[in-house]
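The values are calculated or read from the model by the stated rules, or taken from the named source; none is laboratory data. No experiment lies behind these values; they were computed from the predicted model shown. For neighbour counting, all protein chains shown are included, and Cβ atoms are generated from backbone atoms with ideal geometry for every residue, glycine included.
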Amino acid sequence: MLAAIIFSYTRGVWLGVIGGLIFMAILRSKKFILSISTAVIVGSLLLIFIPSSRFSRRVVETFKSKRPIGDRIYFWKGSLRIIRDHPITGVGWEGFRLVYPRYKPAKGRQLVCHAHNNFVDVAVDSGLLGLGMFLWLLVTIYKVGFHIFKELGDGYFKGIAWGFLGSFTAFLIAGLSQYNFGDSEVVMLFYFLLGMVMVIPRIVEAKHAIQ
């Protein structure tokens, strides 16, 4: 899995994984934080300085090229114009591609499927009302995850919650530059993991009832 992430050459995903690992480390001991941080730094440096590696070239491109982030800025500017005109309920699910050409900045691309940001895409499609409900959902997911991690003594379930909280954080960070809730192959795995976590309190409750 780690190799697949590295060789995807997707910078938003790299940042998401690093952020997720750091978040997982924060939930554990200071010694664990140091171990994770050291592993991330050493691994990144090794990959960056491999001679003629595609990874190192991709990192260099990140600091030299302005186009990818520039494109996204145009997407976001156009999206803010859409939200301004449709603030409450948005333009409808997956309506971005239909209305964006009328709102895009002069230098922006004509054909774009989404805004490359989870929160912006939800706001465009569902309005600020939908965005508020989306944020409430995210907070609820974190609350359940933290409850399992901190309150339920079972080491197995605690480990599942710990891993999920890290991967969920990585997913959201990566979603700042991509609409990963719009990729079916990605979101299906996310909902599968979410279902595993959400059912844990019921499993624990059932075990206690039997005992």
Regarding the stretch 187-200, can at least one residue be identified that is in contact with a Ser or Thr (Cβ under 7 Å, 6 or more places away or on another chain) and either among the hydroxyl-bearing types (S, T, Y) or outside the structural domain of L27 (by TED's automatic domain parsing) (or both)? yes
In the stretch 109-125, is there at least one residue being without any contact (Cβ under 8 Å) to a residue 60 or more places away in the chain, assigned to a helix (DSSP H, G or I) and over 26 Å from T10 (Cα atoms)? no
Is it the case, given these coordinates, that E185 is exposed (fewer than 15 other Cβ atoms within 10 Å of the Cβ) and under 22 Å from R11 (Cβ atoms)? yes
